[in-house]
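Structure first, commentary second.
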Amino acid sequence: MTTIDDILAQARSAAPGQPYAGAVTPQLAYELLGMDPRVKLVDVRTNAERAWVGKVAIPEAQHIAIEWNTWPAGAQNPQFAAQLDQAAGKDDVLLFLCRSGVRSRHSAKAATERGYTQAFDILEGFEGDKDSEGHRKNVNGWCKAGLPWIGA
């Protein structure tokens, strides 16, 4: 049987040289969330994205919503660090999620720089990469993987 330590070891080796603990696929992130209620998913998409596009369907106690960039300005959220400090402990396993995997890397790095020892990027993001027609949710990501989510 796969343990949380097995998955975290795999996650650490999946992102060598990155300035955060590691990276997981959406499937592994969901598996981790189901293994331990202390694992938290940090959704760094904007409030508008969560409201209009959808959000992960996991227990509220494991879901932290903190914008990396604010909407509609698009500027980096000046309260990101303070909000993270209020929502999570330095040794919590934190899985950072954005739309396609870019903001999650930046936020995992920022968390690590603040002393969070287990900050992981969720590869592919919620909607994943664009397909040949410019649409998301068809190539990869949380939604494409068939993981639970609530539509807008």
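Rule-based calculations on the coordinates, nothing more; no lab input. A quick note: this is a predicted structure, and the numbers were derived from the prediction, not measured. Reconstructed Cβ throughout: ideal geometry from the backbone, glycine too, with neighbour counts over all protein chains shown.
Values as computed for the structure displayed
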quantity	calculated
Coil-residue chymotrypsin sites (Phe, Trp or Tyr not before Pro) of segment 27-94, DSSP, other Cβ within 10 Å capped at 11	none
MRE, 222 nm, helices only [DSSP H, n ≥ 4, -39500 (n - 2.57), over the chain, to nearest 500]	-8500 deg cm²/dmol
Whole-Å distance, taken between Cα centres, linking segment 21-56 and segment 129-152	14
Top of Gly22, Gly134, Gly125 by mean-square fluctuation, Gaussian network on the chain, Cα under 10 Å	Gly134
Placed amide H near Gly22: partners under 5 Å, 5+ positions off or other chain	Asp121
In sequence order, calculated HN-Hα J values of segment 14-31 (Karplus, 6.51, -1.76, 1.60; Hz; x Gly/Pro)	7, 9, x, x, 7, x, 8, 5, x, 9, 10, 6, x, 4, 5, 4, 5, 4
Most mobile listed residue (Ala65, Ala81, Ala119) in the chain, GNM with C-alpha springs under 10 Å	Ala81
Under 5 Å, built H, 5+ apart or other chain: amide partners of Asn69	Asn77
Coordinate range along principal axes, alpha carbons of the chain, Å, largest first	38, 37, 31
